[in-house]
1. Is it the case, given these coordinates, that GLU128 is open to solvent by 10 Å² or more (accessible area, probe 1.4 Å) and within 15 Å of GLU310 (Cβ to Cβ)?
2. Inspect all residues belonging to the stretch 221-235 and state whether any of them is within 26 Å of GLN301 (Cα to Cα), assigned to a strand (DSSP E or B) and touching a strand residue (DSSP E or B) at 6+ places or on another chain (Cβ under 8 Å).
3. List every residue pair whose Cβ atoms lie under 7 Å apart, where the two residues are 6 or more positions apart in sequence or sit on different chains, the first residue falls within the stretch 284-305 and is over 16 Å from ARG184 (Cα atoms), and the second residue, located anywhere, is among the aromatic types (Phe, Trp, Tyr).
4. Give the stretch 312-342 a look and list any residue that's in contact (Cβ under 8 Å) with a residue 60 or more places away in the chain, open to solvent by 40 Å² or more (accessible area, probe 1.4 Å) and part of a helix (DSSP H, G or I), or say none.
5. Out of the stretch 139-198, which residues are within 11 Å of the ligand (Cβ to nearest atom) and part of a loop (DSSP other than H, G, I, E, B)?
6. Report, ordered by the first and then the second residue, all pairs with beta carbons closer than 6 Å, sequence separation of six or more or different chains, a first member in the stretch 231-249 that is touching a residue at least 12 places away in the same chain (Cβ under 8 Å), and a second member that is open to solvent by 40 Å² or more (accessible area, probe 1.4 Å) and away from the ligand (no atom under 15 Å from the Cβ).
7. Can you spot a residue in the stretch 106-115 that is assigned to a loop (DSSP other than H, G, I, E, B), crowded, with 18+ Cβ neighbours inside 10 Å and in the same structural domain as ILE319 (by TED's automatic domain parsing)?
8. Any residue that is modelled with pLDDT of 95 or more, open to solvent by 20 Å² or more (accessible area, probe 1.4 Å) and closer than 29 Å to ARG323 by Cβ - is there at least one of those in the stretch 117-124?
Amino acid sequence: MKSRIEALLQEIATLEIPTPDALEQFRIQYLGKKGILAALFVDFKEVPGPEKKETGLLLNQLKQAAEQKIESLREVLEAQQAQQVEIPDLSRPAGGHEAGSRHPVSLVMNQMIGIFQRLGFNLSDGPEIVDDWHNFGALNFDEDHPARDMQDTFFLSNPEGWLLRTHTSSVQVQEMMKGQLPLRAIMPGRVYRNETISARAHCQFHQIEGLYIAEDASFADLKQTLYSFVREMFGPDSKVRFRPSYFPFTEISAEMDVSCFICGGEGCAVCKQTGWVEILGCGMVDPQVLINCGIDPEKYQGYAFGIGVERMAMLKYGIRDLRLFFENDARFLKQFHLGLGL
Ligand code: PHE
């Protein structure tokens, strides 16, 4: 019996067990109810008296060796498994990178900028935080004009009375006050209004305003410029119409509609069955605004226009909810690619 036990001890010492399943089998084989050790303990009863002590010690040694083997192998195998989870397969081929796409507002804005640049307009930029003079005062807004009201304007709480610009006309003032004439520029940028957010209104949006000041600027020039813009933007068959309007900084003032490019003027949901879609405000710069900015209205005239970029993008792509532009939902944003003719 002693030699059998010694042989088993030898076997345990050199045994290699590669998986948790094999380890469980080993445990049952040695320590299970019908296992090797149980059988040896039965045989042990038959061992003659003088050999009992030595055989008993060996037998216990075998039991301990089996238990220790199981314990240490379990730790090793568990550690191996944990490592397999942590170490990724470095030989795997790399996953594809999703190409980003431009925001629809950027796409439309860039297209609009491109058209006006081809018509000879320069790009002007200005700060989004401005003083009352640049946003309102120079532009003939009366002290009690409703647009100055807290309802519409985000005022900053500093003593100088700064505010978030409500239109990029603030850049028009900045450019006119530089006094470098003639002046032909567009001012793209973000503007802010304290509006309740809905499908049609947001507290932030983008505008492109345009300004032309020269000795011979006329309303006919304004019409032709905007007509050229619309034909490039919405197609050569587009028609425009002007309706009288009011802005504190232009005289005369107009709003311009474009013939509905969805239904071709026959009437649909986008044009609310009228065949026309309103896209911008415009007019001849009020002489008082020129005076406010240090320009002689006897010598110079100017025209100006302002276009909402989100509105153009909504019309162009058939988007019904303005909020989508600012939510950064990748499912929405992924749909717009440079390939859309932009
Ligand atoms: N500044 C005007 C607005 O934000 C738009 C506009 C610009 C109208 C220039 C006429 C001329 O509503």
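The values are calculated or read from the model by the stated rules, or taken from the named source; none is laboratory data. All values derive from a computational prediction rather than experimental measurement. So basically every Cβ, Gly included, is an ideal-geometry build from the backbone, and we count neighbours across all protein chains shown. Quick note on the areas: whole protein, heavy atoms, side chains included, nothing else; ligands and nucleic acids left out. Shrake-Rupley method; radii C 1.70, N 1.55, O 1.52, S 1.80 Å.
1. On the way: open to solvent by 10 Å² or more (accessible area, probe 1.4 Å): yes; within 15 Å of GLU310 (Cβ to Cβ): no.
It is false that GLU128 is open to solvent by 10 Å² or more (accessible area, probe 1.4 Å) and within 15 Å of GLU310 (Cβ to Cβ).
2. Taking the stretch 221-235 first, the residues within 26 Å of GLN301 (Cα to Cα) are 221-231.
Pick out the ones that are also assigned to a strand (DSSP E or B) and you get none.
No, there is no match, as no residue in the stretch 221-235 is within 26 Å of GLN301 (Cα to Cα), assigned to a strand (DSSP E or B) and touching a strand residue (DSSP E or B) at 6+ places or on another chain (Cβ under 8 Å).
3. Within 7 Å, the pairs are ASP286/PHE249; VAL289/PHE249.
4. Of everything in the stretch 312-342, those that are in contact (Cβ under 8 Å) with a residue 60 or more places away in the chain, open to solvent by 40 Å² or more (accessible area, probe 1.4 Å) and part of a helix (DSSP H, G or I) turn out to be LYS316, TYR317, ARG323, PHE326.
5. PHE141, ASP152, ARG165, THR166, HIS167, THR168, ARG193
6. Here the result reads PHE234/PHE261; SER238/ARG231; VAL240/TYR227, each pair linking the stretch 231-249 to a residue that is open to solvent by 40 Å² or more (accessible area, probe 1.4 Å) and away from the ligand (no atom under 15 Å from the Cβ).
7. Initially, the stretch 106-115 is screened for residues assigned to a loop (DSSP other than H, G, I, E, B), giving none.
No, every residue in the stretch 106-115 fails to be assigned to a loop (DSSP other than H, G, I, E, B), crowded, with 18+ Cβ neighbours inside 10 Å and in the same structural domain as ILE319 (by TED's automatic domain parsing).
8. First pass over the stretch 117-124, keeping only residues modelled with pLDDT of 95 or more: 117-124.
Restricting the remaining residues to those that are open to solvent by 20 Å² or more (accessible area, probe 1.4 Å) gives 117-120, 122-123.
Still in the list and also closer than 29 Å to ARG323 by Cβ: 123.
Yes, there is a match, as at least one residue in the stretch 117-124 is modelled with pLDDT of 95 or more, open to solvent by 20 Å² or more (accessible area, probe 1.4 Å) and closer than 29 Å to ARG323 by Cβ.
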